[in-house]
Amino acid sequence: MDIGQILVNGLVLGALYACLAVGFSLVWGVLNVINMLHGSFIVLGGYLTFFAWHSFGIHPLVSLPFVALLLFGIGYLVQYLFVNKVVTAPVLTTLTLTFGLDMILYNIMTVFFSATPRRVTLDLGTLSFFGITMPVDRLFGMALALALTGLLYYVMRKSRIGRAIVAVRMDRAAATLMGIRVNHIYAITFGVGALMAGAAGAIFAMVFPITTNLTGMYIGKAFVVCVIGGLGSVPGALVGGLALGLIESISGHFFGPQHSLTVGFLVMLFILLVKPTGLVGKRGYE
Amino acid sequence: MITRTGLILFAIWVVILATTPLHADNYIVRTAIMISMYSVLALSWNFIGGFTGYPSFATVAFFGLGAYVGAIAQRNGVPMVVAWMLATIVVGAFAAALGSILLRLKGHYFAIGSIAVVEVCRLVISSWRSVTGGGDGLNIPLLRWSPDDVAIFFLMVMLVLMIIVFALNAFVSRHRLGFGLHCIRQNEDAADMVGINTTLYKVIAFTLSALFVGTAGAAYASWVGYIDPTDSFSILMTVKVPVMVLLGGAGTVLGPVIGAASFVVLEEIFWSNFLDWNRAILGMVIVFLIFFLPGGLLRVSFRKVRDRLKGREGVAT
């Protein structure tokens, strides 16, 4: 396999990882909560997309906005009803709480959807250019992932809500004094995190088989992406995602695919120790 | 600190667990072994998570590593008890080395770093086929005794481990080490300023949190006779142990024992009655715990509960 193919594989994977992690990163950065529910949100998004396609013949592109909005609602409620009550508590409390909620959601999904791997097959064929081969659905997923991540960036920069989220992230007390309803913003941020997870799940269902057993793996990827890129910003997640995609495809080529995950985690530990703010993170923001 | 009453309660509890083989069936004895084993894990975690306040999720890495070191040593002809000691030493050294690197991180970063350690251990063990058997797991030579004797033997082993770690907890909580760890939990910078060697103290706490978990892992491997990477490094177990300590009361000596016992019993009940929903029910227990028992069972004011039951709500205590 030549180097071009490896790089393209890595970038395609990386774009998907960026989309997967950006919501997680936002919640971590703004709320200071490690959201263990994120993996289950992704799988839920994927399952909903799959069943809309499989049972009702709805194209994933059509169902994606609805799935994402539904997950926004779920995320908003989870934050508003549960996480908000302990949002200032130590890490252990919030992490354990979201883990407990994740166990409930995981169990519900396994009972209702079963753990069979499922995938939306669009059969778009493959594309070849300069000796590089790539399935079209994967390229399509990458474009969609990048578009969504870009859209989130735009919303965070330009909209009132986005500016409020950034303000709360910078200084909670000052944001309160400026008349921002912090609890509302927290719930919206958590909702946006879930929305991005749902959208990522919908894209993943078009590219890879999706099953409840993958929730742990998705969370792991989100950790690595956040730490490598830097917390709580869209560019951070994008850089981290692309970096992880490249690391995995390059190390998979040289050491064998079974080691690519290990290398990802080792790079993450290294970055944690050397530059905890991540590649593009700013000091004092963590 | 532990009171005389606490010590007596613990002694009674040990006697209850130790006498289960005399009057109960093997299922109860097995539950007693699990309770003692998880007590070892929870009491060990208490050093780093309870006293020092560092949210470590690495316990299961030490457990799995201990299980694998013990299993590999036993398969190569090392006698069982020597293999357990070897596992203890290897895991202790691993934790000390890891701690001096990882403990530079704080809060969320430390939590994530410790989870990453578990993942790396699991991945390395599952891909290092020639030594660890990879995903197929390892078989360990079983003891050629009657099943009853084996159960009694491992119950005693786990109980002895539990007593050792309990004594260590009680000792540390009175010692200047415990005091220093308490200072670190409250304000690490201030602790550093008043002359506590925070790095050393944290590394000691981290090593203590690993040492006997390694022994317990090795003993567990000898007991069940088969280990594999998914079971030995399970992500569920990573969170179970802190939850047990939170359930009982973090930073106390008796709390982890109470938490481990109640958690194992609850889990057994849920497994046997709600096979499809046991995970969700455990999740609900966790959510309930966070909202209604934030200080653990030990912090429940029984006087208040009694007053409320008698309808004397609002009486000053």
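The values are calculated or read from the model by the stated rules, or taken from the named source; none is laboratory data. Predicted, not measured: the structure shown is a model, and the values here were computed from it. Note that we place each Cβ from the backbone using ideal geometry, even for glycine, and neighbour counts take in every protein chain shown.
Would you check if there is a residue in segment B:254-267 being under 22 Å from B:LEU17 (Cα atoms), away from chain A (no Cβ under 11 Å), modelled with pLDDT of 85 or more and assigned to a loop (DSSP other than H, G, I, E, B)?
So far as segment B:254-267 goes, yes, one or more of its residues are under 22 Å from B:LEU17 (Cα atoms), away from chain A (no Cβ under 11 Å), modelled with pLDDT of 85 or more and assigned to a loop (DSSP other than H, G, I, E, B).
How many of the residues in segment B:95-111 are touching a Pro at 6+ places or on another chain (Cβ under 9 Å) and either more than 11 Å from every other protein chain (Cβ to nearest Cβ) or buried (at least 17 other Cβ atoms within 10 Å of the Cβ) (or both)?
5
Quick check on my filter: what residues within segment B:255-278 are without any contact (Cβ under 8 Å) to a residue 24 or more places away in the chain, under 18 Å from B:PRO242 (Cβ atoms) and aliphatic (A, V, I, L, M)?
Across segment B:255-278, the qualifying residue is only B:LEU266.
Residues that are among the β-branched types (Val, Ile, Thr), modelled with pLDDT of 90 or more and buried (at least 24 other Cβ atoms within 10 Å of the Cβ): does segment B:13-31 have at least one?
No, segment B:13-31 has no match at all.
Kindly provide the set of residues from segment A:249-282 that are facing chain B (nearest Cβ under 9 Å) and within 17 Å of A:ILE219 (Cβ to Cβ), ordered by number.
Of everything in segment A:249-282, those that are facing chain B (nearest Cβ under 9 Å) and within 17 Å of A:ILE219 (Cβ to Cβ) turn out to be A:LEU261, A:THR262, A:PHE265, A:MET268, A:LEU269, A:LEU272.
Show me the helices (runs of 4 or more DSSP H) entirely contained within segment A:72-173 in which 1 or more residues are away from every other protein chain (no Cβ under 14 Å) and touching a helix residue (DSSP H, G or I) at 6+ places or on another chain (Cβ under 7 Å).
Helices (runs of 4 or more DSSP H) meeting the threshold: A:136-158, A:160-170.
Return the residues of segment B:138-157 that are surrounded by fewer than 19 Cβ atoms within 10 Å (Cβ to Cβ), in a loop (DSSP other than H, G, I, E, B) and either touching a Pro at 6+ places or on another chain (Cβ under 7 Å) or not hydroxyl-bearing (Ser, Thr, Tyr) (or both); say none if nothing qualifies.
B:PRO141, B:LEU142, B:LEU143, B:ARG144, B:TRP145
Tell me, yes or no, whether segment B:79-94 has at least one residue that is over 30 Å from B:PHE153 (Cα atoms) and more than 9 Å from every other protein chain (Cβ to nearest Cβ).
Looking for residues that are over 30 Å from B:PHE153 (Cα atoms) and more than 9 Å from every other protein chain (Cβ to nearest Cβ), one finds none in segment B:79-94, hence no.
Among the listed residues A:VAL33, A:VAL67, which satisfies the condition of being β-branched (Val, Ile, Thr) and either assigned to a helix (DSSP H, G or I) or touching a Phe, Trp or Tyr at 6+ places or on another chain (Cβ under 7 Å) (or both)?
Testing whether each residue is β-branched (Val, Ile, Thr) and either assigned to a helix (DSSP H, G or I) or touching a Phe, Trp or Tyr at 6+ places or on another chain (Cβ under 7 Å) (or both) leaves just A:VAL67.
Within the bounds of segment B:268-275, is there any residue that is under 13 Å from the mean Cα position of the chain (by Cα) and away from chain A (no Cβ under 11 Å)?
Checked against the condition, which is being under 13 Å from the mean Cα position of the chain (by Cα) and away from chain A (no Cβ under 11 Å), segment B:268-275 yields no hits at all.
Among what's in segment A:205-232 and is part of a loop (DSSP other than H, G, I, E, B) and touching a helix residue (DSSP H, G or I) at 6+ places or on another chain (Cβ under 8 Å), pick the residue that is nearest to the other protein chains (Cβ to nearest Cβ).
Selected residue: A:LEU231.
Tell me, yes or no, whether segment B:25-32 has at least one residue that is assigned to a loop (DSSP other than H, G, I, E, B) and without any contact (Cβ under 8 Å) to a residue 60 or more places away in the chain.
So far as segment B:25-32 goes, yes, one or more of its residues are assigned to a loop (DSSP other than H, G, I, E, B) and without any contact (Cβ under 8 Å) to a residue 60 or more places away in the chain.
Checking the structure you have, find out if any residue of segment B:177-189 is within 11 Å of chain A (Cβ to nearest Cβ), among the acidic types (Asp, Glu), surrounded by 16 or more Cβ atoms within 10 Å (Cβ to Cβ) and part of a helix (DSSP H, G or I).
For segment B:177-189, residues within 11 Å of chain A (Cβ to nearest Cβ), among the acidic types (Asp, Glu), surrounded by 16 or more Cβ atoms within 10 Å (Cβ to Cβ) and part of a helix (DSSP H, G or I): absent.
Does B:ILE204 satisfy being part of a helix (DSSP H, G or I) and either under 17 Å from B:VAL157 (Cβ atoms) or more than 14 Å from chain A (Cβ to nearest Cβ) (or both)?
Against the criterion (part of a helix (DSSP H, G or I) and either under 17 Å from B:VAL157 (Cβ atoms) or more than 14 Å from chain A (Cβ to nearest Cβ) (or both)), B:ILE204 qualifies.
List the number of the failed condition for A:ALA202; all other conditions in (1) under 22 Å from A:THR94 (Cβ atoms); (2) in a helix (DSSP H, G or I); (3) within 13 Å of the chain's Cα centre (by Cα) hold.
Of the numbered conditions (1) under 22 Å from A:THR94 (Cβ atoms); (2) in a helix (DSSP H, G or I); (3) within 13 Å of the chain's Cα centre (by Cα), the odd one out for A:ALA202 is (1).
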